[in-house]
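Just below is one structure, and these are the notes that go with it.
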Amino acid sequence: MAWFRKEKKPRTPRRERLEIPADAWEKCEACGHTDIREKFVRNLNVCPECDFHRRIRATEYVGILLDDGTAEETEADMHSADPLGFPEYPQRLKRARANAGDSDAILTSSGQLHGLPVNLGVMDFAFMGGSMGSVVGEKIARLGQRSLERKHPLILVSASGGARMQEGVLSLMQMAKASVMLSQLAERRIPYVSILTNPTTGGVSASYAMLGDAILAEPGAVIGFAGPRVIKQTIGQDLPEGFQTAEFLLEHGMLDGVVHRSDLKATVGRLLRHMTGKPAATGWVSS
């Protein structure tokens, strides 16, 4: 009577192996906190554990500061040349473009911030350490000229290791070029807000980064001309704790504010409304 007898077979539990992608997790460089990448992204790449402001790309700052759908890139077709015939410089530029995906170390755009028309330039450390070459200086000068012609406020976000040595004195000349343009903005009373991120050093910190009508910095950003080791060797003295951090510079009167990345847009918006005398656009509420 095997027809009415059901053979019992041992059941094997059904298990699906869930594989987590290698890039799903991120680790904070400061405290070592590990969390899912999406959580860092939602928090504007600020560590949820220690509040360390991680380095982000120029396009991300554009997304943070400008209103959705208003950003228009300017001077996108400008590329660095090799005017001095520096050894292997063209190859380095090619690698930088491939790795960073940008044409050079600064991204310039026009757009709106809380409904107010602005011109925005953001340096990108991913492109040769945000080094300041001829293209960076020229893009800033043209962006400043655009602000002069249209009377729109200028915002520059700096992140740089300094001048680009492969362009020699031509790189250093960009300090003067940018500074002259900013002086023209000051004469016409067109606001310029400078935002310093980690790091802002060398020729950038010695020129346009510190010439803003308002100078802001992200928490913990390293800001200075020469490195601490060079300064210590030069003066032969130990440096104060926290030397060259944004908080140290704020305490000693070189900055107007240290602003959390999540508050950056609201803070810049309030400053520009104060400096231009223009109220917030309809639908925008100051926080």
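The values are calculated or read from the model by the stated rules, or taken from the named source; none is laboratory data. Just so we're clear, the structure is a prediction, and the values are computed from it rather than from any experiment. Methodologically, a virtual Cβ is constructed for each residue, glycine included, from the backbone with ideal geometry; neighbour enumeration extends over all protein chains shown. Surface accessibility is based on the protein's heavy atoms, side chains included, excluding ligands, DNA and RNA. Shrake-Rupley method; radii C 1.70, N 1.55, O 1.52, S 1.80 Å.
In table form, for the structure just shown:
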| read-out | value |
| --- | --- |
| Relative contact order computed over the chain (Cα-Cα under 8 Å; 6+ residues apart), in percent | 13 |
| Accessible area of the stretch 53-162 divided out per residue, in Å², using a probe of 1.4 angstrom | 40 |
| Where a label projected 7 Å from the Cα of L84 along Cα→Cβ would reach, residues of the stretch 202-236 with amide N under 15 Å | 203 |
| Whole-number D in µm²/s for the stretch 193-287 (Stokes-Einstein; Kirkwood sum over Cα pairs; 4 °C, 1.567 mPa s) | 89 |
| Using a Förster distance of 41 Å, the FRET efficiency for K278-R54 (Cβ separation, nearest 0.05) | 0.75 |
| Computed over the stretch 121-260: relative contact order in percent, which uses C-alpha pairs under 8 Å that are six or more apart | 21 |
| Net charge of Cβ neighbours under 14 Å - reference P83; Lys, Arg +1; Asp, Glu -1 | -2 |
| Environment charge at E138 (Cβ cut-off 10 Å; Lys +1, Arg +1, Asp -1, Glu -1) | +1 |
| ³J(HN,Hα) computed for each position of the stretch 248-263 - Karplus, 6.51 cos²θ - 1.76 cosθ + 1.60, integer Hz, glycine/proline x | 5, 5, 5, 4, 9, x, 9, 10, 9, x, 10, 10, 4, 4, 5, 9 |
| Extended-chain gain in nm, criterion 0.36 nm per residue less alpha-carbon gap, W25 and Q184 | 52.5 nm |
| Karplus (6.51, -1.76, 1.60) ³J(HN,Hα), θ = phi - 60°, over the stretch 72-80, in Hz, Gly and Pro reported as x | 10, 5, 10, 6, 5, 9, 7, 10, 5 |
| Long pairs among K94/K232; K39/K139; K151/K177, criterion Cα-Cα beyond 31 Å | K94/K232; K39/K139 |
| Dipole of the chain, positive end: most advanced residue of G161, I56, Q237 [Cβ charges, Cα centre] | I56 |
| Placed amide H near S160: partners under 5 Å, 5+ positions off or other chain | T200, T201 |
| Net charge of Cβ neighbours under 9 Å - reference T108; Lys, Arg +1; Asp, Glu -1 | +1 |
| Kirkwood Rh and Cα Rg combined as Rg/Rh, the chain | 1.15 |
| Helix runs (DSSP H) in the chain reaching 20 Å along axis by Cα, Kyte-Doolittle at least -0.5 | 134-150, 168-187 |
| Calculated [θ] (222 nm, deg cm²/dmol) that DSSP helices of n ≥ 4 give over the chain, each run adding -39,500 (n - 2.57) | -10000 deg cm²/dmol |
| Calculated FRET efficiency for the pair R270/L170, C-beta based, R₀ 45 Å, to 0.05 | 0.75 |
| Relative contact order (%) - the stretch 125-188, alpha-carbon pairs under 8 angstrom, separation at least six | 48 |
| Solvent-accessible area, 1.4 Å probe, carbon plus sulfur percent, for the chain | 52 |
| Inter-centroid distance (Cα atoms) of the stretch 143-157 relative to the stretch 196-242, Å | 25 |
| Nonlocal amide H pairs with F225, under 5 Å, H built at 1.01 Å | G202 |
| Table column - 3J(HN,Hα) (Hz), the stretch 81-87, Karplus curve with 6.51, -1.76, 1.60, x for Gly and Pro | 9, 10, x, 9, x, 5, x |
| Estimated Rh, the stretch 26-138: Kirkwood, alpha-carbon pairs, angstrom | 15.9 |
